[in-house]
Amino acid sequence: CTESTSDDSAAVAGDEPSYLLASLVFGAEGTTSYVSLLDTLEGSVDLATAYEFPGLSDAWVHEGAVYIAETETLTVTRYEVEGGALVENGVVSFANYGLIDVAFWVNSFASPTRAYYLNGATELIAWNPQTMEIEGAIPLPQKEREGFMAFPGYADRAAVVRDGKLYQPIYWTDDTYFQFTQDSRIVVVDIATDTVEGVLDVPCPGVDYGALDEDGTIW
């Protein structure tokens, strides 16, 4: 079967207006990922003309560039859109940092030159999406809860960037992911210095979604 990895196609920069669509094909022999560049959102998608990646790969558009994360190799590749085609422009590997997943739901693009991968609830791996270099690891404050484990909210829906700060929720759950403690916390990271500025205690269980409104209020 075939499944799109996103509800919405993302607009990308290029010689002409285009859209990026990422899809997965599941079969008896495994999973294959496809990335298509489209001039229009009308009509069907022909995977024969798409870019093919092995296994579970994820796609993201940031500052006009396309980033493909490949879980099998724990690498992220940057592509520019030139003449309606993807042109490779840098690769970064996270294989030496203990990550088991590099899909973009565990990554926050915080600025043109800074992004952060979650390594569970223990640390953030800082990397530069322009130079495609890893800048270092940021330890996250730990707090034990008996019978529960710390779990970070998925970055693509939970983390919020405001005024040079990254707000990353962390909550506690049991191994069924249906039972939570009655509190969560939000770790505040200074993007300019790659340091934890503080921790906000939140009297709510399972904080896993975040949004920023037009007034700058974080919800």
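The values are calculated or read from the model by the stated rules, or taken from the named source; none is laboratory data. Remember, it's a predicted structure, so these values are computed and weren't measured experimentally. Every residue, glycine as well, gets a Cβ built from its backbone with ideal geometry; the counts of neighbours run over all protein chains shown. The accessibility values were calculated without ligands, DNA or RNA, using every heavy atom of the protein model including side chains. Shrake-Rupley method; radii C 1.70, N 1.55, O 1.52, S 1.80 Å.
Taking into account only those residues within the stretch 36-56 that are under 18 Å from Tyr19 (Cβ atoms) and in contact (Cβ under 8 Å) with a residue 40 or more places away in the chain, which is surrounded by the fewest Cβ atoms within 10 Å (Cβ to Cβ)?
Residue satisfying both the conditions and the ranking: Asp39.
Could you please let me know if Thr71 is open to solvent by 20 Å² or more (accessible area, probe 1.4 Å), under 16 Å from the mean Cα position of the chain (by Cα) and among the hydroxyl-bearing types (Ser, Thr, Tyr)?
yes
Somewhere in the stretch 18-26, is a residue under 19 Å from the mean Cα position of the chain (by Cα), of a type in the set (Gly, Ala, Ser) and at pLDDT 90 or above?
Yes, the stretch 18-26 has at least one match.
Table: residues versus (1) part of a strand (DSSP E or B); (2) at pLDDT below 95; (3) closer than 30 Å to Asp215 by Cβ; (4) not aliphatic (A, V, I, L, M).
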{"position": "Met149", "(1), (2), (3), (4)": "yes, no, no, no"}
{"position": "Arg157", "(1), (2), (3), (4)": "no, no, yes, yes"}
{"position": "Val161", "(1), (2), (3), (4)": "yes, no, yes, no"}
{"position": "Leu166", "(1), (2), (3), (4)": "yes, no, yes, no"}
{"position": "Pro169", "(1), (2), (3), (4)": "yes, no, yes, yes"}
{"position": "Trp172", "(1), (2), (3), (4)": "yes, no, no, yes"}
{"position": "Ser184", "(1), (2), (3), (4)": "yes, no, yes, yes"}
{"position": "Val189", "(1), (2), (3), (4)": "yes, no, yes, no"}
{"position": "Ala192", "(1), (2), (3), (4)": "no, no, yes, no"}
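Take the stretch 200-216 and flag every residue that is closer than 12 Å to Val160 by Cβ, open to solvent by 60 Å² or more (accessible area, probe 1.4 Å) and in a loop (DSSP other than H, G, I, E, B). Steps first, answer last, please.
The initial filter retains those residues of the stretch 200-216 that are closer than 12 Å to Val160 by Cβ, namely 200, 207, 209-213, 216.
Among the residues that remain, those that are also open to solvent by 60 Å² or more (accessible area, probe 1.4 Å) are: 200, 209, 212.
Scanning the stretch 200-216 gives a single hit, Tyr209.
Please verify whether the stretch 50-72 includes one or more residues that are part of a strand (DSSP E or B), under 25 Å from Val187 (Cβ atoms) and either of a type in the set (Asp, Glu) or modelled with pLDDT under 95 (or both).
Scanning the stretch 50-72 turns up at least one residue that is part of a strand (DSSP E or B), under 25 Å from Val187 (Cβ atoms) and either of a type in the set (Asp, Glu) or modelled with pLDDT under 95 (or both).
Out of everything in the stretch 115-163 that is on the phi > 0 side of the Ramachandran plot, touching a residue at least 40 places away in the same chain (Cβ under 8 Å) and open to solvent by less than 50 Å² (accessible area, probe 1.4 Å), what residue ends up being farthest from the chain's Cα centre (by Cα)?
Once the filter is applied, the top-ranked residue is Gly136.
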